Amino acid sequence: MGRELGKVQQQNSSRRIISNQSSSSSSSSSSSSISNATAPAKMRQPILDERWTSILYTLVASLSYVTAGTMVGWSSGSIHRSIGSTDGTGTRLPLLDNWSISLAATPAIVITVTACVVHRCYRWIGTKAFLLTASLLAIGSSILDAYGACFWSASAGRVFAGIAAGIALTLVPSYVDEFGTCGQRRPPVDVLLATAFPLGVLLRFGADLFPSPSDPLWNAVRWAILPAAGLLGLLFLPESARYLCATGRVSQAVTILQRTHEPTDQSSLHERLAHWQQPGPGLLEAVRRQSNLTLLLPLLALFAFQAFVGAVPMLFYLADLLELAGQRPAITEAAVLLAATFTVTVPLTHYLPAAQRHHRPLLALSALSIALASLALGWHCHERRTRTLDLTESLTDWPLYCFALLYVAYGLGLHRLPAILLATEASDDNLFALRTIATAISWSSVYLGVRLLPVLLRTIGLGWVLWNMALVALFAAGIVLLCLPAQDDYAHKMLPGPRSTTSSVSSSSDSRAHCWHQTSPKEPAGLKASSNPELV
């Protein structure tokens, strides 16, 4: 019996050795085949390095954000010139007609619905196909706006613009994240994307300084240039690596990621590939799977405050609000100056040391500055309406200064810091779904603000509206100070929640990536991830 048992053990050990040798040979052959497939790509020297390639890809993708900004500026520049009503004293009030309010607010609610639909259908269609569709819809919206002579054609154009903006706002942030490197030379792709939206608003406001072409063809061509340029650029952009991993094409995803990631950053690609191959959660499931709900809920509430502090809804009616506040003549020039101030402020936050290390104080200071500007401007409007009989005698530049402070404060904090904090605190598996929820919350709040603002102006006046905005901004500052951690990296390390199966998979993949990086640092870890049978 002892001999037979020894024979069986020897046979089993020999079988293990043979199986290990066969598995190692198969894995080495698969990795060598993938490396041979990518060898010609490595031999060709690209025109741009990884950093400039990621910046170029981001600039092309951000054209859809510029188009979304022109959609917002269209309301202030086009509607108030053609449709206006007066309050009996000769002063034109912004968009008190229900049809006009519907035209202004329609894209916001369409963006909310589109974000949820895109998240549902993303794995069936892909990022590039969705963005190409958004560019085509934006071109169609420009044509309908130029040739539309009735409410229904204008409404259809606004719906197309809302769908295009909803697709871009949902997919472009995650798509741009794939271009960024993980080293110290990370390009400011998030800053480029955040600046694109106010730049679109500035372009639309700036166009009001020039006479509109009488021929609808030239008007359609003028506003179709941006989406057409985005359409041509998207034809040369690669497909999303996240979508390729989700559909099982890992080797193609590795090839695409190598274009925008430096060789020293290849070790982080294995972690990304491991996460992207896991099935993504739904919207509600992502909220349940996020560990720290006491931090997630205040972060999501900040996206509602983005609209209720009034900066974005006021862009729809900015020229009319300046007129109601008693701004001196040249209202259009003042609106363009405010849009330019907003556009320039956003990229400057990237170079502030406080914006890079301590987001919480800057966010609270931004909310307090918005409250201060709203209180001062509200008091000015109240005094103007109650103390002055002749409103033409109280024209001043004071509203321009208050609005400028409001948009500077909004550009420094509430415009981009909530998205940065959400990306910092959310896990990689839940980030895409949580961004979709944040987009839906933000633009549904914008819809409510755009719908309610003209009604509130008619009932309580601009002064009381601004005072209520100041209270909302103070409440936002209180939420920031009480509910957000003092250090941005504190919540993940000190307040862990229940771990799920995906977190255990990611931790094991991190340990394997670390071990593989130590054993063979010269070979990119992304190629090894594609040859691992557990991940493919």
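Across the range 270-285, what is the number of residues that are open to solvent by less than 40 Å² (accessible area, probe 1.4 Å), under 20 Å from GLY126 (Cβ atoms) and assigned to a helix (DSSP H, G or I)?
3
I need the full set of residues from the range 404-444 which are in a loop (DSSP other than H, G, I, E, B), farther than 16 Å from LEU352 by Cβ and open to solvent by 20 Å² or more (accessible area, probe 1.4 Å), in order please.
Within the range 404-444, SER427 is the sole residue that qualifies.
Say whether the condition of being in a helix (DSSP H, G or I) and over 30 Å from GLY463 (Cβ atoms) is met by at least one residue in the range 309-317.
First, the residues of the range 309-317 that are in a helix (DSSP H, G or I): 311-316.
Filter once more, so that each one left must be over 30 Å from GLY463 (Cβ atoms): none.
No, because not a single residue in the range 309-317 is in a helix (DSSP H, G or I) and over 30 Å from GLY463 (Cβ atoms).
Taking the stated definitions as given, is ALA241 touching a residue at least 60 places away in the same chain (Cβ under 8 Å) and touching an Asp or Glu at 6+ places or on another chain (Cβ under 9 Å)?
Details: touching a residue at least 60 places away in the same chain (Cβ under 8 Å): yes; touching an Asp or Glu at 6+ places or on another chain (Cβ under 9 Å): yes.
Spelling it out, ALA241 is indeed touching a residue at least 60 places away in the same chain (Cβ under 8 Å) and touching an Asp or Glu at 6+ places or on another chain (Cβ under 9 Å).
Within the set of pairs 6 or more residues apart or between chains, which connect a residue that is assigned by the TED database to the domain that holds ASP208 inside the range 330-349 to a residue that is open to solvent by less than 40 Å² (accessible area, probe 1.4 Å) with Cβ atoms less than 8 Å apart?
none
Scan ALA376, ALA367 and give me the residue that is surrounded by 19 or more Cβ atoms within 10 Å (Cβ to Cβ) and at pLDDT 90 or above.
Being surrounded by 19 or more Cβ atoms within 10 Å (Cβ to Cβ) and at pLDDT 90 or above holds for just one of ALA376, ALA367, which is ALA367.
Applying the selection to the range 189-206, what residues are in contact with an Asp or Glu (Cβ under 9 Å, 6 or more places away or on another chain) and either without any contact (Cβ under 8 Å) to a residue 60 or more places away in the chain or among the hydrophobic types (A, V, I, L, M, F, W, C) (or both)?
Scanning the range 189-206 gives a single hit, VAL189.
Filter the range 248-261 down to residues that are at pLDDT below 85 and part of a loop (DSSP other than H, G, I, E, B) and give me whichever is farthest from SER64 (Cα to Cα).
The qualifying residue farthest from SER64 (Cα to Cα) is GLY248.
Pick from LEU232, LEU273: which is within 21 Å of ALA165 (Cα to Cα) and out of contact with any strand residue (DSSP E or B) (no Cβ under 8 Å at 6 or more places or on another chain)?
Being within 21 Å of ALA165 (Cα to Cα) and out of contact with any strand residue (DSSP E or B) (no Cβ under 8 Å at 6 or more places or on another chain) holds for just one of LEU232, LEU273, which is LEU232.
Do you know which of the residues in the range 47-68 that are part of a helix (DSSP H, G or I) and among the small types (Gly, Ala, Ser) is farthest from THR106 (Cα to Cα)?
Step by step, filter the range 47-68, then rank; the result is SER54.
Consider LEU297 against the criteria (1) more than 30 Å from MET469 (Cβ to Cβ); (2) within 24 Å of the chain's Cα centre (by Cα); (3) surrounded by fewer than 17 Cβ atoms within 10 Å (Cβ to Cβ): it satisfies all of them except one. Which criterion is unmet?
For LEU297, the failing item is (1).
The values are calculated or read from the model by the stated rules, or taken from the named source; none is laboratory data. Note that the structure is predicted; figures quoted are calculated from it, not measured. With ideal geometry, Cβ positions are generated from the backbone for all residues, glycine too; neighbour counts draw on all protein chains shown. Quick note on the areas: whole protein, heavy atoms, side chains included, nothing else; ligands and nucleic acids left out. Shrake-Rupley method; radii C 1.70, N 1.55, O 1.52, S 1.80 Å.
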